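As structure tokens, the structure follows; a few thoughts come after it.
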Amino acid sequence: MLLKDLFAVTMLLSIYGLLSATFFVAMDAVDVAFTEASVGAGISTLLLLVVISVTGRRERRVRHKPYAALFVVILTSMLLVFGTSDMPYFGSADAPIHNHVAPRYLNDSMQEINVPNIVTAVLASYRAFDTFGEVVVIFTAGIGVLALMSVSSKALSKSQPLNRPRGLYEQHLVIRIVAKTLFPFIFLFALYVQFHGDFGPGGGFQAGVIFAAAFILYAMLFGLDAATKVIKPAVIELLAALGVLLYGSVGIVTLLNGGNFFDYDYLLADPIAGQHLGILIIELGVGITVTCVMIMICFGFSLRRRAYEQKVAIRPKEGAV
Amino acid sequence: MFIGLANTWVAILLMMIGLYIVIAQGNLIKKIIGLTLFQTSVFIFYISMAKVEGGTAPIFSSDISIYSNPLPHALILTAIVVGISTTALALSLIVRIKEAYGTIEEEEIQGLDEEQD
Amino acid sequence: MVSQLPVLQVILPLMAAPLCLLLKRSTLVWLFCLIVSFLSLLISILLVQQVSTSGPIDYAFGGWDVPWGIGYRIDQLNVLLLIVITAMSSVVLIAAKESIAREIDPEKHVYFYILYLLSLSGMLGIVATGDAFNIFVFLEITSLSVYALIAMGRHRRALWASYQYLIMGTIGATFILIGIGMMYQMTGTLNITDLSVRLAELPQKRTILTAFVFIIVGVCLKLALFPLHLWLPNAYTYAPSIVSAFLAATATKVAIYLLIRFTYSVFGPSLSFAAIPLQTLFMALGLVGIFVASVTAIYQTNVKKLFAYSSIAHIGYMILGFSTGTVAGLTATLLHVFNHALMKSALFLALAAVMLRIGSVQLSSMQGLGRQMPWTMAAIVLAGLSLIGVPLTVGFVSKWYLLVAIIEQGNWVVAGLILMGSLLAVIYVWRIVEVAYFKEPATAQKGDVLEGAAGGSTEAPLSFLIPIWLLVGANIYFGIDTRFSTQLAQSAAQSLFGVSP
């Protein structure tokens with residue numbers, strides 16, 4: 001990358017995310033495409049932009065130590081090319097992955113779980129524990145960001161609104177009105193994605209990102225203060241924890257009913273109905289946690305940035321060891 | 001052979017570009033961008049293996065008989081989430097580093113640390 | 001409920017973490033974490049008993065049979081790690097309250113405990129699981145929480161150390177992901193037991209070999225094996241003291257576990273050791289690691305960093321045992337996993353006590369500390385002796401087993417080098433003893449935070465002395481009565497070679 005402008009690099013990364021999402025559609029991975037589009041082209045771009053606004057968009061130095069890096073990269077790529085030369089060809093139906101384990105998902109999941117979207121069946125039931133791990137990862141990131149970025153409440157109460165315009169809305173009436181009429185539709189779409197994951201692409205994670213995007217849009221248009229009034233940061237934290245607990249409690253209930261962890265058959269008398277109920281609740285848990293963590297992270301960054309601009313957040317505690 | 005593995009090798013090329021950026025670049029943000037590139041390319045590698053010739057998206061329908069493999073899709077969904085979590089944490093570290101050191105260039109940070117020794 | 005023990009082991013701390021947010025009060029959360037951690041310890045003790053009486057336990061998540069669902073498989077190797085991790089976490093947590101109060105802002109205490117529990121459950125999840133992709137997920141839970149924990153250190157270098165660890169760790173994890181993808185591509189399964197069966201009968205070896213290399217490199221990045229160790233010293237040094245103690249006792253052990261699991265259970269010794277000269281390579285890296293890290297440790301002025309380098313050296317010892325590829329060598333490695341956790345947690349906890357009292361762990365500020373903090377310094381000396389490998393300590397036991405395993409192969413040169421490596425340990429431990437006991441106390445040194453040092457006796461509070469001396473006691477007890485630890489290690493090693501004990 002020869003570009004020195006970090007803003008341009010971020011935009012390129014965003015385009016890359018979008019392109020890979022379209023590639024995933026071409027590869028039949030619609031759920032993955034949905035997620036990659038919302039993450040690669042959405043949330044990660046947003047976060048990068050916020051960070052660049054703190055750190056400055058210009059890179060100062062030319063790159064260095066390219067030779068060691070080149071050596072590592074060439075070695076790794078040679079190994080990879082060597083290793084992949086034995087692999088089954090692209091699209092070949094007789095590759096091992098299409099003949100072991102996966103056929104059961106394709107052939108039997110309709111009888112066992114009765115959810116048309118097989119990807120949802122796999123991640124919410126067959127491999128529900130992985131997805132639980134995923135929710136915990138997201139929660140960990142949220143708490144980690146809070147631990148790093150949270151500005152002490154004392155510093156916040158002292159902070160005054162900035163001199164510059166507080167939100168776009170004061171300047172742009174049109175944007176404000178258009179956005180206001182858009183919110184119901186965004187929420188409706190998010191709800192659709194949340195509850196339609198059984199039948200088509202979508203599910204808790206994607207819905208959570210859309211929900212979060214709506215809130216972030218609100219914060220961008222009406223100012224951070226207005227947004228934190230709508231939902232208090234402390235409430236968001238609790239909700240994020242609640243999502244994880246909701247997911248886990250499905251497992252606890254199945255345990256108490258005499259099944260193994262996440263064995264939804266034990267939720268209700270009818271196993272199929274149990275599977276449906278289990279998937280519904282865990283997707284809800286995923287949705288809640290993802291929404292809250294995304295909002296938490298974005299608010300955390302923005303509040304920190306504001307405090308940084310006012311030079312109140314940084315206490316001169318460094319250098320004590 | 002070249003057609004059959006073209007997808008994989010393009011993914012490898014992209015991975016290596018990402019890895020190179022992570023190692024060679026001194027700017028902390030660019031390192032994270034490289035890391036994202038690296039991870040996304042690994043996702044492409046995974047998704048490529050799931051494809052079956054003539055198959056469709058693994059959403060059940062009575063008039064379709066060939067589906068692509070749903071398992072890598074489920075795995076990569078998890079991996080994408082892990083990736084964004086890592087990115088978010090890394091970016092918050094960068095903000096703190098900027099506040100504490102006043103720079104986000106690797107060389108300058110190391111220089112500041114050595115000064116203190 | 002007994003059949004549910006494997007899942008409870010992981011799920012208990014995992015579910016407890018978000019619950020912490022509801023409790024809010026720092027002391028309450030600490031108490032809660034302590035209870036959860038001790039309950040986990042209880043569960044792992046029950047698991048040890050169960051595995052030793054009735055063999056490996058399988059557990060299927062969601063009631064789906066493996067390889068379609070995710071399964072846990074607890075065998076002799078897992079229980080050893082489970083008990084080490086939960087025991088260390090519990091003991092370290094006893095001292096956490098006071099240490100945290102000094103080192104971390106009050107409003108972040110709850111986050112600290114949440115992240116601590118998450119990293120604990122992540123490690124337990126890695127160890128307990130029998131699914132290759134599940135390993136990756138829990139690896140990331142641990143990693144992310146550990147990055148955040150390290151960054152909570154007071155010094156600004158903690159941020160930089162955490163960032164470096166994040167980059168290295170994520171590259172490592174992505175390498176593991178690539179390796180898992182290749183294995184999956186060739187076999188169609190992710191379950192470890194199923195993988196080992198299907199990998200063995202595969203005709204094409206190239207992809208598998210590449211997958212193996214990627215996984216080993218990825219694990220070694222996490223393990224901080226010698227040339228890939230650069231992230232470790234700073235991470236251990238600038239993390240909050242409690243985190244250093246917890247990490248030094250557990251994190252690298254989990255990576256050792258992964259190394260053993262992948263080479264022995266997944267790829268099988270025949271592929272792991274025959275296809276590439278892994279044994280020679282690891283023996284060389286282990287030896288070089290021991291010497292380079294020990295010599296570097298001698299020149300450190302920060303005691304935490306000194307012991308961090310000593311940790312890298314001890315990873316070398318573990319790798320040496322691993323590289324023999326025999327039951328005896330593997331027993332030595334696993335025994336050292338157990339014993340090293342005891343030594344390093346005692347040392348880093350004692351350093352946490354020093355940090356609490358004098359606010360610094362620089363060698364220069366520890367002058368005359370032997371008289372001011374007699375119990376703490378005595379603990380450092382005893383644990384240091386164990387680090388060197390003096391008889392009647394655990395350090396001696398594991399070095400003895402290692403030497404026997406190496407000599408069994410007729411490798412006298414390596415055996416001699418190991419003894420020389422121990423001599424280097426004598427030097428760096430002596431440096432601390434010299435400063436602490438044979439130098440006059442530094443009275444009101446410039447730039448040091450010496451609050452409370454004026455009062456003469458500034459011994460650490462009981463909440464520190466109890467866990468520290470518990471660990472020191474364990475260092476000596478398991479150095480004399482080696483039945484429990486050696487039996488655990490031996491049966492684990494034998495189970496990997498398919499020998500019935």
Taking a threshold of 27 Å on the Cα-Cα distance, which of the pairs C:LYS108/C:LYS305; A:LYS4/A:LYS229; A:LYS229/B:LYS31 fall above it?
A:LYS4/A:LYS229; A:LYS229/B:LYS31
If one compares the long axis through the Cα atoms of helix C:412-438 with the longest principal axis of the Cα atoms of chain C, the angle in degrees, nearest 10, works out at 30 degrees
Whole-number value, in Å³ per residue, for the convex hull of the alpha carbons of the range A:180-321 is 153 Å³
Approximate shape of chain C as ellipsoid semi-axes (Cα gyration tensor, √5λ), whole Å, largest first
36, 26, 20
For A:GLY197, the residues 5 or more places away or on another chain with a placed amide H closer than 5 Å to its own amide H are A:GLY203
Would you mind computing, in nm to one decimal, how far apart the modelled labels at C:GLN49 and C:ASP481 are, each placed 7 Å from Cα along Cα→Cβ?
1.7 nm
Volume per residue of the C-alpha convex hull in the range C:365-440, rounded to whole Å³:
74 Å³
Give, rounded to the nearest 20 debye, the magnitude of the charge dipole that the range C:279-501 has about its Cα centre when Lys and Arg contribute +1 at Cβ and Asp and Glu contribute -1 at Cβ.
160 debye
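Nearest 0.05, what FRET efficiency do C:LEU23 and A:VAL253 give at R0 = 22 Å with Cβ-Cβ as r? Can you show the working numbers first?
Working: r = 23 Å, r/R0 = 1.03.
The value I calculate is 0.45.
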Taking only C-alpha pairs under 8 Å that are 6+ residues apart, what is the relative contact order of chain A in percent?
21 percent
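Highest mean first, how do C:261-274, C:91-104 rank when packing is the count of other Cβ atoms within 10 Å averaged over residues?
On the way: C:261-274: 19.1, C:91-104: 22.1.
Taking the mean over residues of other Cβ atoms within 10 Å, the ranking is C:91-104, C:261-274.
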Which shape class, rounded, prolate or oblate, goes with the range A:1-60 when its Cα gyration tensor gives a ≥ b ≥ c as root eigenvalues, a/c under 1.5 marks rounded, and past that a/b bigger than b/c marks prolate?
oblate
Can you list, bin by bin at 5 Å, the percent of alpha carbon pairs in the range C:241-300, starting at 0?
4, 15, 13, 20, 20, 13, 9, 5, 1
Per-residue ellipticity at 222 nm for chain C, helices alone: DSSP H runs ≥ 4 residues times -39500 (n - 2.57), over residue total, nearest 500 deg cm²/dmol?
-25500 deg cm²/dmol
Cα principal axis extents for the range C:48-94, largest first, Å
40, 24, 13
Please determine, in degrees from 0 to 90 and to the nearest 10, the orientation of helix A:233-256 with respect to the longest principal axis defined by the Cα atoms of chain A, where the helix direction is its Cα long axis.
20 degrees
Sequence gap at least 6, Cα distance under 8 Å: using those rules, report the relative contact order of chain C to the nearest whole percent.
15 percent
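Given the alpha-carbon gyration tensor of chain B, what are the semi-axes of its equivalent ellipsoid in whole angstrom, ordered largest first, with each equal to the square root of 5 times an eigenvalue?
Numbers: eigenvalues 328, 57, 10 Å².
Calculated on Cα positions only, the semi-axes equal 41, 17, 7 Å.
Using the count of nearby Cβ atoms within 10 Å as a rough guide to exposure, how do C:TRP469, C:TRP430, C:TRP375 rank from fewest to most?
C:TRP430, C:TRP375, C:TRP469
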Mind checking which of C:PHE282, B:ILE32, B:SER61 is farthest towards the positive end of the protein assembly as shown's charge dipole, using Cβ charges of +1 (Lys, Arg) and -1 (Asp, Glu) about the Cα centre?
B:ILE32
Grab every C-alpha pair in the range C:279-501, bin the distances at 10 angstrom width from 0 up to the longest one, and report whole percents.
9, 33, 31, 17, 8, 2, 0
Among A:GLN194, C:ILE208, C:ILE319 - extreme Cα towards positive end, dipole of the protein assembly as shown, charges at beta-carbon:
C:ILE319
Cα point-scatterer Debye curve for the protein assembly as shown, base-10 log of I(q)/I(0) at q = 0.06, 0.09, 0.11 Å⁻¹
-0.39, -0.92, -1.43
Can you give me the C-alpha center-to-center distance between the range A:27-76 and the range C:24-63, rounded to a whole angstrom?
39 Å
Ordering of C:147-160, A:255-268, C:475-488 by packing [mean C-beta count within 10 Å, highest first]:
C:147-160, A:255-268, C:475-488
Relative contact order (%) - criterion: Cα under 8 Å, at least six apart; region: the range B:6-116:
25 percent
Global form of chain A, assessed from the alpha-carbon gyration tensor, a/c cut-off 1.5
oblate
For chain A, the charge dipole (Cβ of Lys, Arg +1; Cβ of Asp, Glu -1; about the Cα centre) points to a positive end, and the Cα of A:LEU123, A:MET220, A:SER44 closest to that extreme belongs to A:MET220
What ranking do A:197-203, C:322-328, C:383-389 get when scored by the average of other Cβ atoms within 10 Å per residue, highest first?
C:383-389, A:197-203, C:322-328
Per-residue mean of C-beta atoms belonging to partner chains within 10 Å, peptide C:107-118:
4
Can you pull the mean other chain C-beta count within 10 Å for peptide C:187-200?
2
Orientation-averaged projected area, Cα convex hull of the range C:53-206 (nm²):
11.7 nm²
What's the exposure ranking of A:LEU303, B:LEU112, going from fewest to most Cβ atoms within 10 Å?
B:LEU112, A:LEU303
According to the square roots a ≥ b ≥ c of the eigenvalues of the Cα gyration tensor, what is the shape class of the range A:196-238, taking rounded for a/c under 1.5, prolate for a/b larger than b/c otherwise, and oblate for the remainder?
oblate
Have a look at A:THR76, A:THR291, A:THR131 and tell me which one the Gaussian network model of chain A (Cα, springs below 10 Å) gives the largest fluctuation.
A:THR76
Neighbour-count ranking [beta-carbon atoms within 10 angstrom, fewest first] of C:ASP65, B:ASP63, B:ASP113, A:ASP86
B:ASP63, C:ASP65, B:ASP113, A:ASP86
If the chain between C:ALA200 and C:ILE427 were fully extended at 0.36 nm per residue, the gain over the current Cα-Cα distance would be 77.0 nm
Chain A, Gaussian network, Cα under 10 Å: of A:PRO66, A:PRO271, A:PRO88, the residue fluctuating most is A:PRO66
At a Förster distance of 56 Å, what's the computed FRET efficiency of A:LEU191 paired with B:GLN116, Cβ-Cβ distance as r, to 0.05?
0.55
Within 10 Å of each Cβ in A:293-306, the average number of Cβ atoms from other chains
2
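Taken together, the values in this text are just the output of simple stated rules run on the coordinates, not laboratory data. The model shown is predicted, which means the values in this text are computed figures rather than measured ones. As a convention, Cβ positions derive from the backbone with ideal geometry for all residues, glycine included, and neighbour counts pool all protein chains shown.
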